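One structure is given here, and the rest of the page talks about it.
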Amino acid sequence: MIPIRDYRPSGITPYVTVGLILLNLLIYAYQLTYSGSQVVWIDGCAWQDALGEKTTPPGFDRLAYLRLAGGRGCLYPVAERDQLVIRLGLIPAEFWAGVDLPPRVPFPIWVTIFTSMFLHGGLLHILGNMLYLWIFGDNVEGALGHGKFLLFYLACGVGAALLQASVSAGSTAPMIGASGAIAGVMGAYLVLFPWSRVLTIVPIFFFIQFIEVPAVLILGLWFVLQFFSGLMDLSSLGGVAWFAHLGGFLSGVLLVFPLKRRGVVPGLVQWWRHRRSPGGFW
């Protein structure tokens, strides 16, 4: 199921949501100014000296190394655009070791938790993320207020990154993307507006159906899918950061309570109160 829009007016101009979308798009456009084919060189020995001889440096491609490196020894080739991702993405092994390894950044290594949130791996990656942020972000921003929503978004991104980095502590693959922070927005939306109707695309065999479903259904199913996908991928920890999605979502569920505006009663709380009252609905 792919959400297209919701039907709940936010009652505000979502400056922060729009600003985050524009910032992500601008940074992705900046990524595209780096060449995807021009080769640059990274010192792999520095990674092995710091993290152990068996460490596979980020972006290392043995076939490309053998074909292009020649007698360069410690140096191995990566595309210029990939070097940017290695530099500004969050690399768990580097993060937990507390060392800045080539290609280095001009700030403490922990700052890559934040820089990684604004990088994306491709056009579909960023468009999918921005669609979800556009659908769910304005209502959560309305419930929290502009300033607290920005704080909330960044905090969910941190929670997402820390859970994924903990699960894959020895990984040298860069973690990038706004998915974890946006998962936090989705978790908050589920708590605040569980019965809001969401227009959703549902492919049925060769046909496309547009169906309105409650947010609790589509977001609940999304969380369950991330959970079981993460469990199945736990041994290999492939290219999708499932645990970042889970960490962001759970962060959003928890943080929405202390950060929501006074007087905003989450829909799940209302449901629980009615359920416990005499004659309340299930």
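Some points to look at:
- Gain on full stretching of the segment that runs from Ile208 to Cys45 - 0.36 nm per residue minus C-alpha separation: 53.5 nm
- Neighbours of Gly252, meaning other residues whose beta-carbon lies under 14 angstrom from its beta-carbon, give a summed charge of +1 when Lys and Arg score +1 and Asp and Glu score -1.
- Estimated FRET transfer efficiency when R0 is 45 angstrom, pair Trp195-His125 (beta carbons, to 0.05): 0.90
- Among Leu26, Leu131, Leu144, residue whose mean-square fluctuation peaks in a GNM of the chain (springs only between Cα atoms under 10 Å): Leu26
- Near Met175, the amide H atoms lying under 5 Å from its own belong to Leu90, Ile91; only residues 5 or more places off or on other chains count, and H is placed 1.01 Å from N.
- Largest first and in whole Å, the equivalent-ellipsoid semi-axes of the range 1-128 read 35, 17, 13, each the square root of five times a Cα gyration tensor eigenvalue.
- Partnerless cysteines, meaning none of the other Cys C-beta atoms lie under 4.7 Å away, in the chain: Cys156
- Per-residue 3J(HN,Hα) values for the range 118-123, derived from phi via the Karplus relation 6.51 cos²θ - 1.76 cosθ + 1.60 with θ = phi - 60°, read 10, 9, 9, x, x, 5 Hz in sequence order (x marks Gly and Pro).
- For the range 260-274, 3J(HN,Hα) computed residue by residue from phi via the Karplus equation (6.51, -1.76, 1.60; θ = phi - 60°) reads 5, 5, 5, x, 7, 9, x, x, 5, 5, 4, 4, 5, 5, 5 Hz, glycine and proline entered as x.
- Highest GNM mean-square fluctuation among Lys148, Lys260, Lys54, for the chain modelled with Cα contacts below 10 Å: Lys54.
- Cβ crowding within 10 Å, taken as a proxy for footprinting-reagent exposure, orders Glu141, Glu80, Glu53 from fewest neighbours to most as Glu53, Glu80, Glu141.
- Which of Ser196, Ser10, Ser37 has the fewest Cβ neighbours within 10 Å, and the rest in rising order: Ser37, Ser10, Ser196
- Charge context of Leu133, other residues only, Cβ under 15 angstrom, K/R +1, D/E -1: -2
- All other residues whose Cβ lies under 9 angstrom from that of Pro77 are scored, Lys and Arg at +1 and Asp and Glu at -1, for a net of +1.
- Near-label residues of the range 22-43 by backbone N, under 14 Å of a point 7 Å along Cα→Cβ of Val99: 43
- Computed FRET value (nearest 0.05) for Ser35 with Phe107, which takes r as the C-beta separation and R₀ as 25 Å: 0.55
- Scaled radius of gyration (Cα, divided by 2.2 N^0.38 Å) that the range 174-250 gives: 1.22
- For the chain, projected area of the alpha-carbon convex hull averaged over all directions, nm²: 17.9 nm²
- Principal semi-axes of the equivalent ellipsoid, √(5λ) from the alpha carbon gyration tensor of the range 146-282, are 28, 21, 14 Å from largest down.
- Förster radius 51 Å - calculated FRET efficiency between Val269 and Asp61, Cβ distance, rounded to 0.05: 0.50
- Counting neighbouring beta carbons within 10 Å and listing from fewest to most, the residues Ser251, Ser171 come out as Ser171, Ser251.
- Evaluated at q = 0.14, 0.19 Å⁻¹, the base-10 log of the normalised Debye intensity for the range 1-54, with identical point scatterers placed on the Cα atoms, takes the values -0.74, -0.87.
- Phi angles across the range 249-257 convert, under the Karplus curve 6.51 cos²θ - 1.76 cosθ + 1.60 with θ = phi - 60°, into 3J(HN,Hα) values of 4, 5, 4, x, 4, 7, 6, 5, 5 Hz, Gly and Pro given as x.
Bear in mind that the values in this text are calculations on the coordinates, not laboratory data. Computed from a prediction, not measured in an experiment: that's the story for all the values here. Every residue, glycine as well, gets a Cβ built from its backbone with ideal geometry; the counts of neighbours run over all protein chains shown.
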